[in-house]
Amino acid sequence: MPKFYILVFKKKFFGFLKTVFPATNFEALLFLIFLTGYGILGTSIALNYRIIFDDRIPWDAYFSFDNRAIVMTGGGFERHPLANYFFDWLRNFALWISDGKKDETFRLVLAWISNLAISLSIVQIYKYLKNIIGLPQKISLLILVFYAFFSTNILLSFTPETYTYTLFFLILFNYYTALKMKKEEKIPATALTFATVFIGGLTVTNALKVYIPLLFEKNIFKSGKKIGNAVIRVAISVAVFVLLFLYRIDFKYLNFLNKSGEQYEKFSKPKVTPIWDMIASWFFGGNILLSDFVTRDYHNKKGFNYKALFMEVYHSWLPYVLIATLVLMIIWSYVKNFKNKLVQILMISFFVDILIHCILKFGLHTSYIYGGHFVFVYPLLLGWLFFTYKNNPKITTFLYVSVCLMCSYVVFNNIFRMEEFFFFLNKYYQ
């Protein structure tokens, strides 16, 4: 009997490795290409500039990312309840490599771990397009290149932030649940627990997304036994999550409630920019297409002054057209695949972020940094749109040409804007 359990464990372990990492030579090639491309960018920034990590700059050096605060403490417990465990390990590993110095080697390690997470997440997108949707390689690669040049992926590829790893874990979980759904299998309690801890632990609101697939398990609402089983699995994952979190805050849960209220008040106040433009330019657009930049004067409350970089709204009609076109294609995909439970899982997950940022207005004025929570929905729903018209050559050609044009513009625009980003680095962060 023990031998049987060992064989089952080995099978599950190797299955896990095949799910997380490249499983074919072509997937390995893709991974190396993205790892190299993002690696060159991150290495250049880490070795030549101090913006990835500067002990004097706690937050907002670029695009409102909180690099130092996240790396040193995991961020505020009210939004990132278990992130300290993850970033304690990451920070200690980077310090071990850099002999305890927070220098360019320290920054390089942080950048390359971010690069590894983003490159693996892009491979997960390809696996989903190939193994779940079943798209031809030509279409999958076009969508993949388009997605790889999204501003979120470019920026997170060298940024040690919660969003970087949230993006990877969310894509991995969506691919894993899609595999389970395809086999009409339920999601085990262990997977739910790990997903809740890793996804919800990095950003608490994302924990809701872990339970969405349970709503679409086969015949879940036709059997009291199945509903009970789902409740037990959820209860186990929630209990583990809550215990770990309470342990972190010394069981002072009232402090958490007070802090959460303060955070909502702080990050949901209306700004001067019209709400519609914050939604268009920053929530939908800023995660895909970089806009103009503006610099502001900041200080660390201890006498150190520094320059911070933020995105402005779009100043040309073309970015609005591109983002509107992409959003319409996503809606088109959702309507055409409304009865597809995998599409519903993706869209309900997206609606969670729309509710938080666009309706409740939490962090809407800097919503371009939240792409790690939802930006992966775009390539996957584009994939489902292509799948819908796989037997209609005219519409497939129209979609292919449209994505080619959008991809070309995104690549050109984001490379141009990154040149402006390097100008900012050369001026203020050498």
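The values are calculated or read from the model by the stated rules, or taken from the named source; none is laboratory data. For clarity, every value in this text was computed on a predicted model and none was experimentally measured. So basically every Cβ, Gly included, is an ideal-geometry build from the backbone, and we count neighbours across all protein chains shown. Calculation scope for accessible area: heavy atoms of the full protein, side chains included, ligands and nucleic acids excluded. Shrake-Rupley method; radii C 1.70, N 1.55, O 1.52, S 1.80 Å.
Some notes on this structure:
- Phi-derived couplings, Karplus 6.51 cos²θ - 1.76 cosθ + 1.60 at θ = phi - 60°, listed residue by residue for the stretch 108-118: 5, 5, 4, 5, 6, 5, 5, 4, 4, 5, 5 Hz, with x used for Gly and Pro.
- Helical runs assigned H by DSSP (4 residues or longer) give the chain a calculated mean residue ellipticity at 222 nm of -20000 deg cm²/dmol, each run adding -39500 (n - 2.57) before division by the residue total.
- Heavy atoms of residue 243 accessible to a 1.4 Å probe, total area in Å² rounded to 10: 110
- The aspartates and glutamates within cross-link reach of residue 341, meaning a Cα-to-Cα straight distance under 12 Å and a gap of 8 or more places when in the same chain, are 184, 217.
- Contour excess over end-to-end distance, with Cα ends at residue 293 and residue 225 and 0.36 nm allotted per residue: 19.0 nm
- Loop-located trypsin sites (Lys or Arg not before Pro) in the stretch 122-229, at most 10 other Cβ atoms within 10 Å (DSSP): 183, 222
- Chymotrypsin sites (Phe, Trp or Tyr not before Pro) lying in DSSP loop within the stretch 286-381, provided at most 15 other Cβ fall within 10 Å: 304, 338
- Greater than 21 Å apart at Cα, pairs in 11/226; 18/390; 186/222; 180/336: 11/226; 18/390; 180/336
- Taking a sphere under 14 Å around the Cβ of residue 29 and counting the other residues whose Cβ falls inside, with K and R at +1 and D and E at -1, yields a net charge of +1.
- Alpha-carbon spread of the chain, three principal axes, descending order, Å: 63, 58, 44
- 12 Å beta-carbon shell around residue 173, net charge (K/R +1, D/E -1): +2
- Computed over the stretch 1-145: relative contact order in percent, which uses C-alpha pairs under 8 Å that are six or more apart: 24
- Each of the peptides 60-68, 16-24 was scored by the mean count of other Cβ atoms within 10 Å over its residues; in descending order, highest first, they stand as 60-68, 16-24.
- Ordering 111, 200, 310 by Cα displacement along the dipole of the chain toward the positive end leaves 200 in first place; charges were set at the Cβ atoms of Lys, Arg (+1) and Asp, Glu (-1).
- Working note: Karplus 6.51/-1.76/1.60 with θ = phi - 60° gives the stretch 32-44 the couplings 5, 5, 5, 4, 5, x, 5, x, 4, 4, x, 5, 4 Hz, where Gly and Pro are set to x.
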